[in-house]
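Here's the structure we're looking at; comments come further down.
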Amino acid sequence: MMAFSAGTAYKADIYRNMPLTIPPKMKFFFEETGHIARFTGKFFTEGFKPRYEFQEFLRQCFLIGNKSLSLVGLTAFILGLVLTIQLRPPLLRYGVEFELPYIVADSVIREIGPVITALIFAGKIGSGIGAELGSMKVTEQIDAMEVSGTNPFKYLVVTRVLATSLMLPLLVIMSCSISLLGAYIGYNIKGQISFELFFGQIFQWLPFSAIIPSLIKTLFFGFAVGMVGCYRGYHSTKGTEGVGRAANATVVISSFLIFLIDLVAVQITDLLGFTS
Amino acid sequence: MTDTTTISRESPPVASQETVIRISGVKKSFGHNVVLDGFNLDLHKGENIVVLGKSGSGKSVLIKCIIGLLRPDDGEIQVFGQNVTELNHDELDQVRARVGFLFQSNALYDSMTVRENLEFPMRRHWIKLSQQEANEMVMEALDNVGLAHTVDMMPIELSGGMRKRIALARTLILKPEIILYDEPTTGLDPITGKEISDLMVELQAKYQTSSLIISHDMKCVERTADKIAVLIEGKCHALDSFDGLKASADPVIKQFFE
Ligand SMILES: Nc1ncnc2c1ncn2[C@@H]1O[C@H](COP(=O)(O)OP(=O)(O)OP(=O)(O)O)[C@@H](O)[C@H]1O
Ligand SMILES: [Mg+2]
């Protein structure tokens with residue numbers, strides 16, 4: 001009885017204050033969105049002014065590409081293989097088995113390759129950036145850079161965001177190629193097709209330009225992963241716990257953003273007539 | 001370690017009248033937490049001033065305001081006659097190249113070796129050096145803190161006290177004219193602590209550096225301080241020599257000397 005009346009009193013209180021207070025979660029959401037927008041804006045205003053941290057950019061490109069190469073390659077191979085094996089029975093049922101290479105290639109290049117690669121990238125690279133910058137923040141290393149004549153935003157954030165934006169499309173090109181190789185091997189497990197015929201089949205229907213929208217959207221995926229990782233790391237709160245949270249939040253937020261961007265991208269490519 | 005036993009504090013170098021840091025009426029709050037509330041202090045060339053204060057009283061905040069890492073809400077901070085709160089990024093960098101800052105948490109770069117850590121400020125401040133000169137400077141700075149053998153190690157492989165000394169070497173490598181030390185001897189054994197204090201005094205005598213030192217270590221304070229500023233409730237409560245404050249009847253000040 002007590003609990004009940006206390007509950008209603010609490011509720012009534014909320015309604016009474018409704019026009020004046022924003023629920024804390026909502027307030028947090030709006031504030032956070034505002035901060036990310038400002039952070040992104042800063043990237044564009046600071047990123048194109050000298051001094052350019054070209055060496056650090058190259059180093060980041062190398063590290064980011066190198067770290068994710070084997071994981072992306074392996075998953076891409078398995079993806080192509082599995083997709084081919086699983087798509088064969090339904091295509092057989094409709095008697096269009098000869099379309100299998102094209103169908104696999106089309107779905108891999110346009111959608112599955114970019115999205116899966118980006119998700120793996122978010123898990124591997126995004127979380128790494130979040131944790132690295134987070135621990136640099138809480139141990140005052142970012143402040144130490146600042147007093148050593150370095151603009152840490154340019155040195156740490158701009159280089160990483162540019163590197164992720166550049167490297168993810170390159171990784172996607174690689175992962176799509178490996179997926180198609182996996183698909184070729186998958187085809188040859190049950191059926192038989194020559195290398196030339198397999199790829200001939202694909203490119204008979206699939207124009208080479210089909211990869212362009214994919215690359216453009218992966219550029220945005222990479223940008224989102226880098227930006228979110230840097231933002232969460234750069235603004236992580238004090239303590240080691242904050243570092244873990246920065247890494248975790250990076251993966252969650254950037255994975256979500258990847259799907260969001262994908263959704264927008266498909267509308268745009270559809271409007272521009274790129275889908276067929 | 002350098003031979004510093006000959007340095008005595010009997011005749012402290014006479015501080016000139018030239019003011020290198022002038023802090024006037026600085027206020028800083030975080031939300032409702034008022035940390036600095038009208039702090040005033042002048043640091044002259046060739047002078048060591050120790051800032052004493054309880055934990056959480058805002059000592060670190062104060063020196064972060066001086067170097068421009070935090071922006072005071074009100075008041076003025078002049079370093080070499082320039083108001084740091086009004087400088088743009090490039091001008092601030094020029095001031096920072098002449099000021100050394102030792103972080104309380106050391107702030108060594110985890111991803112770099114000791115050598116790269118020490119080279120970082122040289123390279124970043126646009127100082128043109130051949131590889132050989134850079135190496136010599138690194139080795140000299142490491143020799144000063146007695147850690148020449150760690151040059152190719154990673155910070156993670158060092159003990160806490162060694163990290164503090166590497167951080168000190170990194171602070172001193174550019175031979176700054178002003179040095180801001182945030183607890184230089186905390187976490188060191190008494191012997192190393194004494195060596196660091198002696199090094200600080202030696203630098204002051206040799207290069208006429210001016211320092212603002214935050215320390216709880218009374219041995220270090222006694223050895224290094226020309227004057228002591230007591231920071232209480234966001235203000236400079238007292239400014240006097242070590243002996244002067246030790247003889248003080250003020251109960252608040254007495255606490256520090258017990
Ligand atoms: N970035 C910050 N954001 C919010 N509050 C801060 C920040 N930095 C310092 N504070 C607050 O300012 C006050 C003074 O902190 P400061 O680090 O200057 O203490 P201190 O005198 O250096 O203490 P100690 O001797 O323990 O190092 C503390 O109450 C702290 O909570
Ligand atoms: Mg402190």
In whole percent, what relative contact order does region B:113-173 give with Cα contacts below 8 Å and a gap of six or more residues? 51 percent
Dividing the helical contributions, -39500 (n - 2.57) per DSSP H run of n ≥ 4, by the residues of chain A yields a 222 nm value, nearest 500 deg cm²/dmol, of -26500 deg cm²/dmol
Under the Karplus relation with 6.51, -1.76 and 1.60 and θ = phi - 60°, whole-Hz ³J(HN,Hα) for region B:147-155, x at Gly and Pro, equal 10, 4, 6, 8, 4, 9, 8, 8, x
Computed for region A:66-201: size of charge dipole around the Cα centre, +1 on C-beta of each Lys and Arg, -1 on C-beta of each Asp and Glu, debye to nearest 20, value 180 debye
Count, for each residue of B:67-73, the Cβ atoms from other chains sitting within 10 Å of its Cβ, then give me the mean as a whole number. 2
Antiparallel content of DSSP bridges confined to the protein assembly as shown, in %, to 5: 55 percent
Tell me which DSSP H helices of chain A clear both cut-offs, 30 Å or more of axial length from alpha-carbon atoms and a mean Kyte-Doolittle hydropathy of at least -1.0. A:24-47, A:54-93, A:159-190, A:211-234, A:240-271
By what distance, in whole Å, do the Cα atoms of region A:48-177 stretch along each of the three principal axes, largest value first? 69, 27, 18
Normalised Cα Rg of chain B, dividing by 2.2 N^0.38 Å with N its residue count, works out at 0.99
Across all directions of projection, what mean area in square nanometres is found for the Cα convex hull of region B:113-173? 3.7 nm²
Partner chain coverage, peptide A:145-158 - average Cβ within 10 angstrom: 5
Taking each residue of B:117-124 in turn, how many C-beta atoms of other protein chains fall within 10 Å of its C-beta, and what is the average? 3
Report, in deg cm²/dmol and to the nearest 500, the calculated mean residue ellipticity at 222 nm for chain B, where each DSSP H run with n ≥ 4 adds -39500 (n - 2.57) and the sum is divided by the residue count. -10000 deg cm²/dmol
For the pairs A:154/B:28; B:64/B:254; B:45/B:219; B:59/B:235, flag any whose C-alpha to C-alpha distance is greater than 20 Å. A:154/B:28; B:64/B:254; B:45/B:219
Is the shape of region A:71-272 best called rounded, prolate or oblate, per the rule: a/c under 1.5 gives rounded, else a/b larger than b/c gives prolate, else oblate, with a ≥ b ≥ c the square roots of the Cα gyration tensor eigenvalues? prolate
For region A:71-272 the mean separation of alpha carbon contacts under 8 Å (6+ apart) over residue count, i.e. relative contact order in percent, is 38 percent
Report, in debye and to the nearest 20, how large the dipole of region A:153-276 comes out about its Cα centre when Lys and Arg carry +1 and Asp and Glu carry -1 on their Cβ. 460 debye
Direction-averaged shadow area of the convex hull around the Cα atoms of the protein assembly as shown, nm²? 36.9 nm²
In degrees between 0 and 90, to the nearest 10, how far off the longest principal axis of chain B does helix B:160-172 point, with axes built from Cα atoms? 90 degrees
Nearest 10 degrees is fine. How inclined is helix B:114-124 to the longest principal axis of chain B, computing both from alpha carbons? 70 degrees
Going by a ≥ b ≥ c, the root eigenvalues of the Cα gyration tensor, does region A:23-78 fall in the rounded group (a/c under 1.5), the prolate group (a/b larger than b/c) or the oblate group? oblate
Longest chain A segment clear of trypsin sites (Lys or Arg not before Pro) sitting in DSSP loops (not H, G, I, E or B) with at most 16 other Cβ atoms within 10 Å runs A:52-237
The protein assembly as shown, dipole about Cα centre (Lys/Arg Cβ +1, Asp/Glu Cβ -1), debye to the nearest 20: 1380 debye
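Laboratory data are not the source of any read-out in this text; all were calculated from the coordinates shown. Given the structure is predicted, the values throughout are model-derived calculations rather than measurements. Note that we place each Cβ from the backbone using ideal geometry, even for glycine, and neighbour counts take in every protein chain shown.
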